[in-house]
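J.: Structure below; questions to follow.
The values are calculated or read from the model by the stated rules, or taken from the named source; none is laboratory data. Everything numeric in this text was worked out from a predicted model, so none of it was measured. Please note: Cβ atoms are built from the backbone with ideal geometry, for glycine as well, and neighbour counts cover all protein chains shown.
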Amino acid sequence: MNSINWTEEVSKRKEALIKDTQTFLQIKSVLDEENGTKEAPLGKGIQEALQFMLNKGKEEGFVTKDVEHLAGHIEMGQGEDILGILCHVDVVPEGDGWTTDPYSADIRDGKIFARGALDDKGPTMAAFYAMKIVNDLKLPLSKRVRMILGTDEESDWRCVDTYFKHEEMPQLGFAPDADFPIIFAEKGIWDFYIKQETMKDNHIGAVTVKQFESGRRFNMVPDLANAELEVSNGINELETAFNAFINEHKVKGAYQANGNHVSISIEGVSAHGMEPNNGVNAGLYLAAFLNSLELSQQAKVYFTFVTDYLWKDSRGKTFKIDFKDEATGDVTLNIGLLKYDEQDGGTIGVNLRYPVTYDYEASAKQLETVLQQQGFTITTASHSGPHHVDANSFLVQTLSEVYEGQTGEKAELLAIGGGTYARSLEAGVAFGPLFPGREDIAHQKDEYMYIEDLLKATALYAEAIYRLAK
Ligand SMILES: [Zn+2]
């Protein structure tokens, strides 16, 4: 049984694999909760995509299960343990600017173009065909192999939350929903709000910040910040000061005065919150500028805090919560949301990511102490601990061997800022589908997957399934 040619087995099924991938991609499985029903809580498209996969499973004679119409599974083999393969059938909205209909699954230049081609319906079909190949070859298995299908990965993960409330947790598994070779470690992710305590006795300054706002999501670096000011003194110098500030810091800005009312904005550069230093946080720059003005007492406290503790310090050094480990790198703080008005005071939304060996409890306490001293409180919006599978485990070792054997490339183990679907498995890694050097076009217009990569991934998944479950 050692001489199975996985690539050839995939080749024999190439036409059907491509056809089924296209049909699957033609289902518009975007979250549509407004039109949700009891049978389709997240909308018709998502439900159709889930049932499509479950039906494919039934056709192969696999055991299938629908879990509250939010998730499902397709299972083959027998045994005490389960090898889980975690996929999702939902996609993000298509957005604008596509060359062809995003749900036509058009094939051009060896690529299938469709929303979900790469994330995650292409790889889901690849993993399904991988199961089918192992089953067709009647290879003996000592574990059950279970493809778990989520329907809400792109939003709130209600699928896996519900699923694992009712169903067994696989002893090992992988998610074909990120990068090859193998992502074995992910940082912890903590989203929280820092809220200013409002002042009873608020002395008004020469400049009143009527409103200040930047950012919409915890995990994005805001690329725009706006402020509305009322200026009672020094309006002539304000524009000069603003221009000097944006020149000095090489950011773009706009200034508009109407009587004593001034609107200013700063433009930054957006980036994923995983590495805030890849972007330019417009909100922090505008806050730093506002901090240079003669503000009300309450505004001064807020903008001074933002400037001293958050501007130009994405590592938490000022809070003394910085840390770094070899596997997963630095603590990072992305300031995704900033908001201030005279009535309610200021709010800050932080996306903090921390390495696997970080003392989260101690740091949270330290952070709270500093915030209290500065007149702020902290509220957790969500927290998901770090995720880590031993590099020497059977799972990681086996996947490495499979990857190296088939591709001839070294299976470098990747540690990332976190957020892959694999973290919903207790012992799970992300394994593909994006090969090193390929452009990551998930969530973008003209999303595609190379047919060549779809086939390569199928062969990798088939051998992985067999070797992990035999
Ligand atoms: Zn995904």
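J.: For the stretch 155-192, give me each residue that is part of a strand (DSSP E or B) and more than 19 Å from the chain's Cα centre (by Cα).
T.: Passing the criteria: Leu172, Gly173.
J.: Could you identify the single residue in Glu463, Glu426 that is away from the ligand (no atom under 16 Å from the Cβ), under 24 Å from Gly79 (Cα atoms) and modelled with pLDDT under 95?
T.: Exactly one residue qualifies, and that residue is Glu426.
J.: Would you please name the residue that is nearest to Val91 (Cα to Cα), looking only at residues in the stretch 1-43 that are touching a helix residue (DSSP H, G or I) at 6+ places or on another chain (Cβ under 7 Å) and basic (Lys, Arg)?
T.: Among those residues, the one meeting the criterion is Lys28.
J.: Do we find that Lys58 is more than 26 Å from the chain's Cα centre (by Cα), under 22 Å from Ala40 (Cβ atoms) and either within 16 Å of the ligand (Cβ to nearest atom) or without any contact (Cβ under 8 Å) to a residue 12 or more places away in the chain (or both) in this structure?
T.: yes
J.: Name the residues in the stretch 256-278 that are of a type in the set (Val, Ile, Thr) and modelled with pLDDT of 95 or more, would you?
T.: Passing the criteria: Val262, Ile264, Ile266.
J.: Given Asp20, Asp96, which one is charged (D, E, K, R) and surrounded by 14 or more Cβ atoms within 10 Å (Cβ to Cβ)?
T.: Asp20
J.: Can you tell me which residue is nearest to the chain's Cα centre (by Cα) among those in the stretch 429-460 that are charged (D, E, K, R) and within 14 Å of the ligand (Cβ to nearest atom)?
T.: For the stretch 429-460, the residue satisfying everything is Asp440.
J.: Tell me, which residue of the stretch 391-422 that is in contact with a Lys or Arg (Cβ under 8 Å, 6 or more places away or on another chain) and within 16 Å of the ligand (Cβ to nearest atom) is modelled with the lowest pLDDT?
T.: Among those residues, the one meeting the criterion is Gly418.
J.: Out of curiosity, is Gly283 of a type outside the set (S, T, N, Q) and assigned to a loop (DSSP other than H, G, I, E, B)?
T.: no
J.: All but one of (1) among the aromatic types (Phe, Trp, Tyr); (2) over 19 Å from Ala430 (Cβ atoms); (3) touching a helix residue (DSSP H, G or I) at 6+ places or on another chain (Cβ under 9 Å) hold for Tyr403; which doesn't?
T.: (2)
J.: Just give me the residues in the stretch 176-209 being within 16 Å of the ligand (Cβ to nearest atom) and of a type in the set (Asp, Glu), in sequence order.
T.: Correct list: Asp177, Asp179, Glu186.
J.: What residue, among those in the stretch 190-218 that are touching a Lys or Arg at 6+ places or on another chain (Cβ under 8 Å) and surrounded by fewer than 24 Cβ atoms within 10 Å (Cβ to Cβ), is modelled with the lowest pLDDT?
T.: Selected residue: Gly205.
J.: Mind telling me which of the residues Lys12, Lys38, Lys65 ends up being within 24 Å of Leu172 (Cβ to Cβ) and surrounded by fewer than 21 Cβ atoms within 10 Å (Cβ to Cβ)?
T.: Lys65
J.: I'm trying to understand the selection: among the residues of the stretch 118-165, which are within 12 Å of the ligand (Cβ to nearest atom), more than 18 Å from Thr64 (Cα to Cα) and not charged (D, E, K, R)?
T.: Within the stretch 118-165, Leu118, Gly122, Pro123, Ser155, Trp157 meet the criteria.
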